[in-house]
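I have a structure here, written as structure tokens, and I will follow up with some questions on it.
The values are calculated or read from the model by the stated rules, or taken from the named source; none is laboratory data. Everything numeric here is computed off the predicted structure, so don't read it as measured data. Cβ sites come from the backbone with ideal geometry, for glycine too, and all protein chains shown count toward neighbours.
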Amino acid sequence: MLKIENLHVKLEDENREILKGLSLSVKPGEVHAIMGPNGSGKSTLSYVLAGRDGYEVTEGEAMFNGEDLLAMDPNTRAAKGVFLAFQYPIEIPGVATMQFLKVALNAQRKARGEKELSIPEFMRFVKDRAAKLNISQDMLKRPVNVGFSGGEKKRAEVLQMAVLEPSLCILDETDSGLDIDALKVVADGVNALRSPVRAMIVITHYQRLLDYIVPDFVHVLSAGKIVKSGGKELAHELEKNGYADYAEKVA
Amino acid sequence: MADQDTIDLVKTIEVDKYKYGFETDIESDYAPKGLNEDIVRFISAKKGEPAWMLEWRLEAYRAWTHMEEPTWAKVHYPKIDFQDLYYYAAPKSMAAPKSLDEIDPKLLETYAKLGIPLKEQEILAGVRKQGEKSTLDDDGNEVTAGRVAIDAVFDSVSVVTTFKAELAKAGVIFCSISEALREHPILVKQYLGSVVPAGDNYYAALNAGVFSDGSFVYVPPGVRCPMELSTYFRMNAKNTGQFERTLIIADKGSYVSYLEGCTAPTREESQLHAAVVELIALDDAEIKYSTVQNWYPGDAEGKGGVYNFVTKRGDCRGARSKISWTQVETGSAITWKYPSCILRGESSRGEFYSIAISNGRQQVDSGTKMIHLGKNSSSRIVSKGIAAGRSDNTYRGLVSAHRKALNARNFTQCDSLLIGDQCGAHTVPYIEAKTSTAIFEHEATTSKISDDQMFYCMSRGLSQEEAVALFVNGFVRDVLQQLPMEFMAETQKLIGISLEGSVG
Ligand SMILES: Nc1ncnc2c1ncn2[C@@H]1O[C@H](COP(=O)(O)OP(=O)(O)O)[C@@H](O)[C@H]1O
Ligand SMILES: [Mg+2]
């Protein structure tokens, strides 16, 4: 589904390379965890895959279902099934969350040549998904992320994911800032979306999340490269020994 | 977007997407070109007006010839040659007043193309989807649109007014001002010019001399008008000014909600539009006046487009009366417009809600005046200016309290949104309080759509244009909610259309 090969990324405005030859292959149904110290380039990877401005790919490629992902606009990527749950979700004042979901879903459906959902169909669908994430009707009326608590923002990201039903979900530190109860709700929401046709890249700093969203593979990202890959037990090892070993390897 | 991108966007700006720019090929009767007393007489005669009306017009015209065009607004345009215009144009087929069934099919077709069926049976059959569940409000509730009575004005004449019989049953008079001058001269004489005197300002004086049609509404004491009233103005004829005049009177304890819509064909030459609207609310009466102005804005280089020089004023004459202006201004090359309230009655209330969008080379200088004369009068101003392309968007507002306006209250909120970096937004508030008991509050913000916000929306599947439209709709939400339900969804779409081409 996703094949990243020797990806080198530098900042557009600065001569500084952030990703230094990253390779990763993700098949449908798989859940990959990417762990790494702060500043290792985890968010950069997620942004480059989603198509944010400000980064320059100097070498390598990322193919999504056989197509050149990096050549597409962010909205085209979204319509093709790429979704990024932001580490720091953005506020959109004045736009009700429900309205945002509707516009986003219809824009994607339109791009795929599907017909728009009727309003009652859409409402039922969203209410059902929202309830599973403990998201109240009231929260759906509030403007996107405006005045949301940290936990609310993360749940809202997962709700967007549940409504848009992407085939590749990238979750960037969806666990940060959550207490254990909120973490469980979010993890349940994510697990409900696990399916043989959907892949996930779960980015996290801590092993804790991976107790709830159990990955098939764990990769350690350090200084812009994947320095070790393994099964879920790798996460426990990291929890015990920290990232120190890996940082040294690069240096 | 990085700066270079913004510059590229602006280069690709293309505002030639005006959807209402078609022309109706119809034979018209014109007054001879140019302006003099004979033209004023010609128009008055065409309308079969009483003698006092002609005198009133002539006086206004004479006053106008001694007046100077105002230059204080932040708009620039070549000098208008008032002798190079036609002041009256009417479809030939409209020579005699007709019933709905006899209207020239070309006119019916024009309005149908604009999405405004004039045949009541069509409206009832839901051609316009009135009464259908049509849209979703912010709370996720479905909104049902009601029925709307329409007065359709084509160039200088009113084509038809729908639902007249049903309105008459409630005692409401809704007709063209020409008809009102013939059928209800006493009412017209009593109120015409009582809010905007014939010589009030340059364009108002011009209008008083040569106005050709417009709407008249009278709501009797204690009556709540049973449906939305609406006038649809269409400028078609070439080189012809449109000067409409609207007069609305809400008698004691009555209520009426009125909406006007405007479009014009795409033309290389600029077109002049100078309207006057007068509202009078007596004791405990309420008038809600909404405008969706979508005159042709001109092309991307600023060629053509309507010069919209309008005087709108409401008089809260009675105690506890209320007048509320809501405007959505998306069209016109130049807008010069300040719908105002004279808060004469004790505890009267004035409101002004405005969305002014400028794109391409459009220039908007718009705002309001809240003139507090009565005790405990209050007012509220919410202005949302959106500037894109190379446009200029100015809010100009005056809030004043007379010595006797004890405890006058005003709240003003002025927000500007800039799209791209070649446009300008300006806020010019004037405040004058002659009583220390007045409390005036003013808040202003200026914002832009950040790169992060744009990326966030796009990563959810929205195109740049869809993201801008969504953002703008969020920005104007408070004001949009003031529009009658029937027009909210359409207006939302219009806002999207008028910003097309504002991003690459
Ligand atoms: N847009 C940017 N501008 C400047 N520096 C950036 C930008 N994006 C990332 N960086 C830098 O790149 C490095 C990697 O950051 P990031 O991808 O956010 O790491 P992580 O998510 O693993 O903490 C950091 O040193 C960070 O400061
Ligand atoms: Mg990060």
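Kindly establish whether residue A:11 is away from chain B (no Cβ under 14 Å) and within 12 Å of ligand 1 (Cβ to nearest atom).
No.
Among the listed residues B:439, B:419, B:381, identify the single one that is modelled with pLDDT of 95 or more, crowded, with 17+ Cβ neighbours inside 10 Å and away from chain A (no Cβ under 14 Å).
The unique qualifying residue is B:381.
A further question on this structure: For residue B:254, only one of the following conditions fails: (1) more than 15 Å from residue B:276 (Cβ to Cβ); (2) out of contact with any Cys (no Cβ under 9 Å at 6 or more places or on another chain). What is its number?
(2)
Please specify each residue of segment A:199-243 satisfying the condition of being assigned to a helix (DSSP H, G or I) and within 18 Å of residue A:41 (Cβ to Cβ).
Once the filter is applied, which keeps residues that are assigned to a helix (DSSP H, G or I) and within 18 Å of residue A:41 (Cβ to Cβ), segment A:199-243 yields only A:238.
Condition first: within 16 Å of ligand 1 (Cβ to nearest atom), of a type outside the set (Val, Ile, Thr) and touching a Phe, Trp or Tyr at 6+ places or on another chain (Cβ under 9 Å). Can you find one or more residues in segment A:63-76 that meet it?
So far as segment A:63-76 goes, yes, one or more of its residues are within 16 Å of ligand 1 (Cβ to nearest atom), of a type outside the set (Val, Ile, Thr) and touching a Phe, Trp or Tyr at 6+ places or on another chain (Cβ under 9 Å).
Then there's this: Of the residues A:103, A:48, only one is surrounded by fewer than 21 Cβ atoms within 10 Å (Cβ to Cβ), in a helix (DSSP H, G or I) and not acidic (Asp, Glu); which?
A:103
Take the residues in segment A:163-182 that are within 16 Å of ligand 1 (Cβ to nearest atom) and more than 14 Å from every other protein chain (Cβ to nearest Cβ); name whichever of them is surrounded by the most Cβ atoms within 10 Å (Cβ to Cβ).
A:174
Per-residue answers, yes or no, for (1) within 16 Å of ligand 2 (Cβ to nearest atom); (2) surrounded by fewer than 15 Cβ atoms within 10 Å (Cβ to Cβ):
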residue	(1), (2)
A:9	yes, no
A:43	yes, no
A:66	no, yes
A:78	no, no
A:90	yes, no
A:97	no, no
A:108	no, no
A:111	no, no
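A follow-up question, please. Are there any pairs with C-beta distances below 7 angstrom linking a residue in segment A:27-45 that is away from chain B (no Cβ under 14 Å) and at negative phi to a residue that is more than 6 Å from ligand 1 (Cβ to nearest atom) and in a helix (DSSP H, G or I), with the two at least 6 apart or on different chains, and if so which?
A:33/A:210; A:33/A:235; A:35/A:235; A:35/A:238; A:37/A:247
Can you tell me which residue in segment A:33-55 is nearest to the chain's Cα centre (by Cα), limited to those that are among the polar types (S, T, N, Q) and near ligand 1 (Cβ under 7 Å from one of its atoms)?
Among those residues, the one meeting the criterion is A:43.
Residue B:498: buried (at least 22 other Cβ atoms within 10 Å of the Cβ) and more than 14 Å from every other protein chain (Cβ to nearest Cβ), yes or no?
Criteria met by residue B:498.
Per-residue answers, yes or no, for (1) among the small types (Gly, Ala, Ser); (2) within 11 Å of another protein chain (Cβ to nearest Cβ); (3) in a helix (DSSP H, G or I); (4) surrounded by fewer than 21 Cβ atoms within 10 Å (Cβ to Cβ):
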site	(1), (2), (3), (4)
B:455	no, yes, yes, no
B:467	yes, yes, yes, no
B:470	no, yes, yes, no
B:482	no, no, no, yes
B:488	no, no, yes, yes
B:493	no, no, yes, yes
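Please verify whether segment A:109-125 includes one or more residues that are under 30 Å from residue A:204 (Cβ atoms) and at the interface with chain B (Cβ under 10 Å from one of its Cβ atoms).
For segment A:109-125, residues under 30 Å from residue A:204 (Cβ atoms) and at the interface with chain B (Cβ under 10 Å from one of its Cβ atoms): absent.
Restricting to segment A:126-138, count the residues that are within 12 Å of chain B (Cβ to nearest Cβ) and within 22 Å of the chain's Cα centre (by Cα).
Residues in segment A:126-138 being within 12 Å of chain B (Cβ to nearest Cβ) and within 22 Å of the chain's Cα centre (by Cα): 2 in total.
Now for a different question. Can you pull out the residues in segment A:17-38 that are within 16 Å of ligand 2 (Cβ to nearest atom) and over 14 Å from residue A:172 (Cβ atoms)?
Of everything in segment A:17-38, those that are within 16 Å of ligand 2 (Cβ to nearest atom) and over 14 Å from residue A:172 (Cβ atoms) turn out to be A:18, A:19, A:22, A:37.
Out of B:81, B:38, report the one residue that is at pLDDT 85 or above and closer than 17 Å to residue B:202 by Cα.
Unique residue meeting the criteria: B:81.
Within segment B:442-453, how many residues are within 10 Å of chain A (Cβ to nearest Cβ), among the aliphatic types (A, V, I, L, M) and in a strand (DSSP E or B)?
Adding up the residues that qualify gives 0.
Which of the residues spanning segment A:197-215 are buried (at least 23 other Cβ atoms within 10 Å of the Cβ) and more than 16 Å from ligand 1 (Cβ to nearest atom)?
Within segment A:197-215, A:199, A:200, A:210 qualify.
For segment B:352-403, which positions are outside any strand (DSSP E or B) and either among the charged types (D, E, K, R) or closer than 25 Å to residue B:449 by Cβ (or both)?
Those that are outside any strand (DSSP E or B) and either among the charged types (D, E, K, R) or closer than 25 Å to residue B:449 by Cβ (or both): B:359, B:360, B:361, B:362, B:375, B:388, B:389, B:390, B:391, B:403.
Scan segment A:178-230 for residues that are among the basic types (Lys, Arg) and either farther than 15 Å from residue A:168 by Cβ or within 16 Å of ligand 2 (Cβ to nearest atom) (or both) and jot them down.
Selection gives A:184, A:208, A:225, A:228.
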